[in-house]
Every structure is written in C-alpha cells, then in structure tokens.
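Written out below as structure tokens is the structure these notes cover.
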Amino acid sequence: MERNLKNVLVISFGFLLLFTAYGGLQSLQSSLNSEEGLGVASLSVLYAALILSSMFLPPILIKKLGCKWTIAISMCCYIAFSLGNFYASWYTLIPTSVILGLGGAPLWSAKCTYLTIAGTLYAEKAGKNAKDIINQYFGVFFLVFQSSGIWGNLISSLILSQSSTKVEISEEDLECCGAYNCLTDTTNTTGSARPSNSLIYTLLGVYTASGVLAVLLVIIFLDQIKSDQAETEKEKLEAPSFWSTFLATFRHLKDKRQCLLIPLTMYSGFEQGFLSGDYTKVYVTCALGIQYVGYVMICFAAVNSLCSLLFGKISQFTGRKLLFALATVTNTACIIALLLWKPRPEQLAVFFVFPALWGLSDAVWQTQTNGLYGILFEKHKEAAFANYRLWESLGFVIAFGYSTKLQAYIKLYILLSVLVLSMVTYGAVEYLEAKTPPGTPTATKKENGGPHSQETRM
C-alpha cells in the first residue's frame, strides 16, 4: 500500500474509533446525566472551551509537537471526558469537558494539516495536481469518519437495552413529554429510569477502550511528517503572531457578508444542540426510554451522511439557493410538528421520522454553509472559517446553556425565530453577491456545494 494512503487510513480509523465513543456519549448526556442539568451544562462548557481553543492552541501545538503528536495528545483529551463520565459530578464532568474542548481544535487542525501535507508530498512525487490528491484524501477520511455516529449510538443502544429494569410509563408521566415538558426530574422515574451502574460502566468501558485504541493506532502506525517536509506548512503557522491571528478573526467582521452570515452559522449550532440535547431527552427518553436514544441518533447520522454526499454532488446542478430553501422548509415543518405532537410509545415510527428529516436539513446546513464560506471568502479562508467555528460553537453554547432552564416549546420558538432571521440575512448576502459585478474579485458566481466539513462537530 502506498505509504501516504496508509497514513490517511490510520488517521481515518483513529478518528472513527475516537468519535464512536464521543458521539455516543454526547447523544446520551442530557438523559444519562440529567440531574441538575449536568449533562447539557458539560456540553455547553465543552463548546465554550472549544471557542477559546480555536483561537490560540492549534498553531502552538502543531509547531511544538508536530501533527502526529498533536493528534495523539488531543485524542487523550477525549478519553479524559469518557473517564469523567464514570463518576459523573460537577467536579469531574465540567473539568473533563474543558479538557476535551481545549483538545478539540488542535485535533482537527492537526488532522487537516497532516492530510494537506501528505497530499502535497504525494502529488509532487507522482507529478499530479496537489488539490486533486488532497481532495481525495479528505474524501477517504470523511467516508470512514462519517459512520462514527452510527457505531457509537448502536453500541449505546445495544448495551442499555440489556437493562432488566423496564418501567411502564403512565399516562400522567407521558403528559410531561414533548414540547410542553415539565421542568422537573419526573421523567427520571419513568422512561429515562437510569440504567444499572454495571451497564453504564460497561458502556463507558467500551467507549474508553475505543478511545485508547485510537491513540495507540496513531502512536504506533502513523508516520511523523519529517520537519524538512513540513517546513513550508510550519512557516505558514509561524508567520502570523497569535494576536494577529486572533484579531484577524474579528477584523473579518468588517466584511458585511460575514456579519450577515452570523445568524445562519449560529443556527447550525442551535439546531444540532436541540436535537442532541432536547429531542433525545423530552421526546425519546421520556416516552420510550434511554435505550432508544442510540437508535434514533443512528437514523439521524445515516440520513445526514447520505444526504451530505448527495447534496455535495447535486448542488452543481440545483445551486445552493434551492438546497437552502429545501432545508428551511423541512426544518420549519419539523419545528411546527414538534410543537403540536404529543409523543406516545405506540407511535414508534414517528420518533425516527423527525431525526431523519433533521438529518436531511443538517446535511444542507453543513455542506452548503461551508461551501458558501469557501466561495465568498476565497482570499481570507482562515479568518472566515475561524469565524465559522466561533459562531457555530457559540450557537452550541447557548443551546446547551438554556437547555434546562426553558420548556421545549420555547426552545422551538427560538429555533424557528433564528431560522427565519438566518434566511433573511442569507437572502441579503445573495442579493449583495448578485449586485456585485462579475469582474470583482469577491464576486463568485459558482454554485457548487464545497467541502463538507465536520470540524465543528468535535
């Protein structure tokens, strides 16, 4: 096997193992650690730490440690979060959430840097176009990585379904499920009756082992990119000071289009936060039981993955406006339906329809928003995508932050309001682009979908 391809596969399967664990744990936080809102509070803290990490840490660690060891050490931050869940409390989960958040940005930055350097080196050796090889490497990576959401949630559902403490959910308890959920721990005694400690420890043991395997895979099999080979990339990292990089992110807000895209970017965090933090708890766990959370999120991950691939291909024919319209209509319909629907166990199929439609919409938000940033801000990609990470992460922080303070129907109204605002400001961006003369550097008439980046998924 060609050496560079071997390294791409090592990184891909390392991330698959790591995010199999993290993805499953994130889906369960609001249900498994619901007491005093600990689970969603930990996720809010996690994304706040990610914002800080994105601003400062990646250039430092990659410069000092190189890509391989930055990836390995950052992966250990994710393992710390799994360990913190063994004895979940404010004193264990919040610190380990901070650790994971700080490790998230260096992990993804080092991965992107490694694949870029590896693709460039192979292209030079083979006499091929570097951009084509890099795109192939990222394609292989996401092909493997995307399935992590399926495996992580499948593991959790298979293990938690072994619980012998099945609880019948009374009509009175079902009244506390759905959009007008009771802001109490009532559901903890019904559908979300906490599984036995032995099952929880088994699940966390599997997740921790998966993370450890990811680290070992990288340490043992991933080649360190030699310093002379990586010199060009490292010079790019060294060139700007950290303060200039930090300030460049905010200087980019002078671009009117960037400011107009903030609601759309934050909406991505809001809608993902609602699905994993609220839908899983007040609809699925409340009415069916915690063992169904994994199956529901598998449905979301599978549809999201397939639609991401599909929309990336067809966007060149349909254009991004039509896809944004599709996602808006689909999400709006889901939000209205969730406001009206009273979840009941006998309506099992309906619990899977919502995440499937949500996955379709999210695929558009991810592929097309990333592509839009790449097209509009071609000359300032670093600052633009730093803003993307910043505002989407802020959306996550806010969504998880108010998760335990508001009833679900209020969150759905907030979600709908932000969606409407997002489409208005996005429409303004398209209007500005249409007004700009074709010869102007900032005006790009391309309608392709761009890469599907999962960086802010952690």
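The values are calculated or read from the model by the stated rules, or taken from the named source; none is laboratory data. Quick caveat: nothing in here was measured; it's all calculated off a predicted structure. Glycine gets a Cβ as well: all are built from the backbone with ideal geometry, and neighbour counts include every protein chain shown. Accessible surface is based on the protein model in full, side chains and every heavy atom, while ligands, DNA and RNA are left aside. Shrake-Rupley method; radii C 1.70, N 1.55, O 1.52, S 1.80 Å.
Quick notes on this one:
- Rolling a 1.4 angstrom probe over the chain with all protein chains present gives an accessible area of which 67% lies on carbon and sulfur atoms.
- Sites listed here are trypsin sites (Lys or Arg not before Pro) in the stretch 32-109 whose DSSP assignment is loop and whose Cβ has at most 14 other Cβ atoms within 10 Å, and the list is empty.
- A 1.4 Å probe run over the stretch 249-436, with the rest of the protein chains in place, finds 36 Å² accessible per residue.
- Distance from the stretch 33-77 to the stretch 121-155 (C-alpha centre basis), Å: 23 Å
- FRET efficiency, Phe250 to Ala126 (Cβ-Cβ, R0 30 Å, nearest 0.05): 0.15
- Hydrodynamic radius (Kirkwood) for the stretch 249-436, which is based on Cα pairs only, to one decimal in Å: 17.1 Å
- Lys pairs, the stretch 249-436 - Cα-Cα below 18 angstrom, 8 or more residues apart or on other chains: 11
- Extension gain, Tyr201 to Arg344: 0.36 nm times the residue separation minus the Cα-Cα distance gives 48.5 nm.
- Estimated FRET transfer efficiency when R0 is 45 angstrom, pair Leu213-Lys313 (beta carbons, to 0.05): 0.85
- C-alpha long axis of helix 38-84 to longest principal axis of the chain, angle in °: 20 degrees
- For the chain, averaging the sequence separation of C-alpha pairs within contact (under 8 Å, six or more residues apart) and dividing by the residue count gives a relative contact order of 25 percent.
- Per residue, the convex hull spanned by the alpha carbons of the chain comes to 136 Å³.
- The three principal axes of the Cα atoms in the stretch 38-121 give end-to-end lengths of 46, 22, 19 Å, sorted in falling order.
- Longest exposed-site-free window of the chain, the sites being GluC sites (Glu not before Pro) in a DSSP loop that have at most 10 other C-beta atoms within 10 Å: 169-345
- Accessible area per residue (1.4 Å probe, heavy atoms of protein chains only) ranks Trp108, Trp151, Trp341 as Trp151, Trp341, Trp108, with the largest value leading.
- Label point 7 Å beyond Cα of Cys259 along Cβ direction - residues of the stretch 373-400 with amide nitrogen under 18 Å: 377, 384, 387-388, 391
- Extension reserve of the Gln407-Tyr431 stretch, reckoned as 0.36 nm per residue once the Cα distance is removed: 5.0 nm
- Rounded to 0.05, the FRET efficiency of the Ala325 and Asn135 pair, given R0 = 30 Å and the Cβ-Cβ distance, is 0.65.
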